[in-house]
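Got a structure for you, questions after.
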Amino acid sequence: MQTTIVAMRADIGSIGGHLQPSQQVVAAVREALDAQRGQLIADFDLHFTGDDITAVCTCQGDPGQTAVQDMIWEAFAQGARVAVEQGLYGAGQDIFDKGISGASKGFGPSLAQITFQERSNEAFLVFSIDKSVPGAFNLPFYQAFADPMHCSGLILSPRMRRGFRFEIMDVVYREYDRVITLEAPEDLYNLAALLRDDERFAIRSVHSRTSEEQSVAVSTTRLHYVAGIMLGRDDPVAIVRVQDAFPAAGEVLAPFALCAHVSGFQRGSHHGPLMPVRRNSGVSYFDGPPSVSCAAYCVRDGHLTEAIDPFDHPFWDQVRARATSKTLDIRQQGFFGTAMQPFETLSYGGIMGILKELDERFVIEKPFPS
Ligand code: 13P
Ligand code: MG
Ligand code: MG
């Protein structure tokens, strides 16, 4: 039986700045999706991470059309209308053409989607990230799908021996989608050369070279330039089918213990460590830290089990403490060096204005003629 999982993630308004959606907004989205259960969608689940809500929907077959996506968009729009009524910050910013609160114009929800022939044990994970970019998944997914130091299945399971195929997008390329396909293990160094840069290159999908099936779908899209600033769909979502010809759930989760520094912290302009958090966690310190949640499911005939929360386990408390201390460390250096992103990727234009203003105050010191 063919099943499609659609994971959509949007910021439709939050309380106290970019911190967390209100219960009423989440309830409005839930109610709208509930009305479609058994009709356009077989099943759904909903949660938030930071100020974005993730809707995980299933449907039987390949919807082909955008009907399911449109329906989820409309559910988010209903939530956004409640956010406007409540006066939430950034109400409708990823849904309406123009953010009603005056916040920057959104570019639509983040979308990850996979259609597959259901296995008899169809296990999958949905990761949601707040305050970062799709490229934040580069390192954990490289380690889980290409590095035997982190993924034991690459040497222990004959079903994984042929490795994986990565589709990677150059998100900075302006006109069209610019995508490259690389195969692990042959392309290992090429993969590293691209994936090192989370602001320029981002994994869009990963397929098994044994079964040819798709494991990973990330909501990777290219960026847009508006008034000299690079804007795009940040706060990504990823679907990862696990087990069998794919890494085990724990092999995909383990790399997140590193809490690697990623882009997108405070004002989309800083670097900070990616902290694994429980589902339905808001953000706080410096509008962060960048956070990743995970929901694990099994699906049968399009029907989801309840979600379990792999980061809601004592193991991750110590990891979170490490992420906190890494955050405090990098924040001590404020605007300096790698704490703040390079000029080209800042989500705010203010600093470019300062540079322009100062330009005429620079003096070119010509050497004295000899
Ligand atoms: P979001 O992308 O999560 O809305 O955050 C924006 C921001 O600038 C927070 O500091
Ligand atoms: Mg926001
Ligand atoms: Mg957000």
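The values are calculated or read from the model by the stated rules, or taken from the named source; none is laboratory data. In this text the structure is predicted, and so the values were computed from the model without any measurement. Backbone-built Cβ (ideal geometry, glycine too); neighbour counts: all protein chains shown.
Write out, first by first residue and then by second, each pair whose Cβ atoms fall under 8 Å of each other, whose residues are 6+ apart or on separate chains, and whose first residue, in the stretch 78-96, is free of Cβ contacts under 8 Å to residues at least 40 places away in the same chain while the second is more than 11 Å from ligand 2 (Cβ to nearest atom).
The qualifying pairs are F96/A77; F96/A80.
If I filter the stretch 260-273 for residues that are farther than 26 Å from Y348 by Cα and under 14 Å from the mean Cα position of the chain (by Cα), do I get at least one hit?
No, the stretch 260-273 contains no residue that is farther than 26 Å from Y348 by Cα and under 14 Å from the mean Cα position of the chain (by Cα).
Condition first: farther than 16 Å from G264 by Cα and among the charged types (D, E, K, R). Now tell me which residues in the stretch 311-343 satisfy that.
Answer for the stretch 311-343, where residues must be farther than 16 Å from G264 by Cα and among the charged types (D, E, K, R): D312, D317, R320, R322, D329.
All but one of (1) under 14 Å from the mean Cα position of the chain (by Cα); (2) buried (at least 24 other Cβ atoms within 10 Å of the Cβ); (3) within 16 Å of ligand 1 (Cβ to nearest atom) hold for E199; which doesn't?
(2)
Output the number of the condition that F116 fails; it satisfies all remaining conditions of (1) over 25 Å from H261 (Cβ atoms); (2) touching a strand residue (DSSP E or B) at 6+ places or on another chain (Cβ under 6 Å); (3) surrounded by 15 or more Cβ atoms within 10 Å (Cβ to Cβ); (4) modelled with pLDDT of 95 or more.
Evaluating F116 over (1) over 25 Å from H261 (Cβ atoms); (2) touching a strand residue (DSSP E or B) at 6+ places or on another chain (Cβ under 6 Å); (3) surrounded by 15 or more Cβ atoms within 10 Å (Cβ to Cβ); (4) modelled with pLDDT of 95 or more leaves (2) as the failure.
In addition: Looking only at the stretch 147-186, which residues are buried (at least 17 other Cβ atoms within 10 Å of the Cβ), part of a loop (DSSP other than H, G, I, E, B) and in contact with a Gly (Cβ under 9 Å, 6 or more places away or on another chain)?
Answer for the stretch 147-186, where residues must be buried (at least 17 other Cβ atoms within 10 Å of the Cβ), part of a loop (DSSP other than H, G, I, E, B) and in contact with a Gly (Cβ under 9 Å, 6 or more places away or on another chain): just V171.
For the stretch 302-333, what are the residues that are surrounded by 19 or more Cβ atoms within 10 Å (Cβ to Cβ) and assigned to a loop (DSSP other than H, G, I, E, B)?
G302, P310, F311, listed by residue number.
So which of A339, A323 ends up being among the hydrophobic types (A, V, I, L, M, F, W, C) and touching a His at 6+ places or on another chain (Cβ under 8 Å)?
A339
Let me ask something else about it. Take the residues in the stretch 259-301 that are crowded, with 20+ Cβ neighbours inside 10 Å and free of Cβ contacts under 8 Å to residues at least 60 places away in the same chain; name whichever of them is nearest to ligand 3 (Cβ to nearest atom).
Per the criteria, the residue is M275.
Can you tell which of A80, A7 is crowded, with 22+ Cβ neighbours inside 10 Å, of a type in the set (G, A, S) and either away from ligand 3 (no atom under 16 Å from the Cβ) or part of a helix (DSSP H, G or I) (or both)?
Criteria check complete, one pass: A80.
Taking V363, is it among the β-branched types (V, I, T) and loosely packed, with under 11 Cβ neighbours inside 10 Å?
In short, yes.
Another question, if that's okay. What's the number of the condition G13 fails, among (1) among the small types (G, A, S); (2) farther than 16 Å from V283 by Cα; (3) touching a Leu at 6+ places or on another chain (Cβ under 7 Å)?
Tallying (1) among the small types (G, A, S); (2) farther than 16 Å from V283 by Cα; (3) touching a Leu at 6+ places or on another chain (Cβ under 7 Å), G13 fails exactly one: (2).
Look through the stretch 34-64, keep the residues that are assigned to a strand (DSSP E or B), within 16 Å of ligand 1 (Cβ to nearest atom) and not aromatic (F, W, Y), and return whichever of them is surrounded by the fewest Cβ atoms within 10 Å (Cβ to Cβ).
H47
One line per residue, one yes/no per condition, for (1) of a type in the set (A, V, I, L, M); (2) more than 23 Å from Q113 (Cβ to Cβ):
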position: V172; (1), (2): yes, yes
position: E175; (1), (2): no, yes
position: P185; (1), (2): no, yes
position: D197; (1), (2): no, yes
position: I203; (1), (2): yes, no
position: T210; (1), (2): no, no
position: S215; (1), (2): no, no
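Also, quick follow-up: Please go through (1) closer than 21 Å to A254 by Cα; (2) part of a strand (DSSP E or B) for A144 and return the number of the only condition it doesn't satisfy.
Here A144 meets the rest and fails (2).
Something else: Only one of S14, S22 is in contact (Cβ under 8 Å) with a residue 40 or more places away in the chain and within 12 Å of ligand 1 (Cβ to nearest atom). Can you tell me which?
S14
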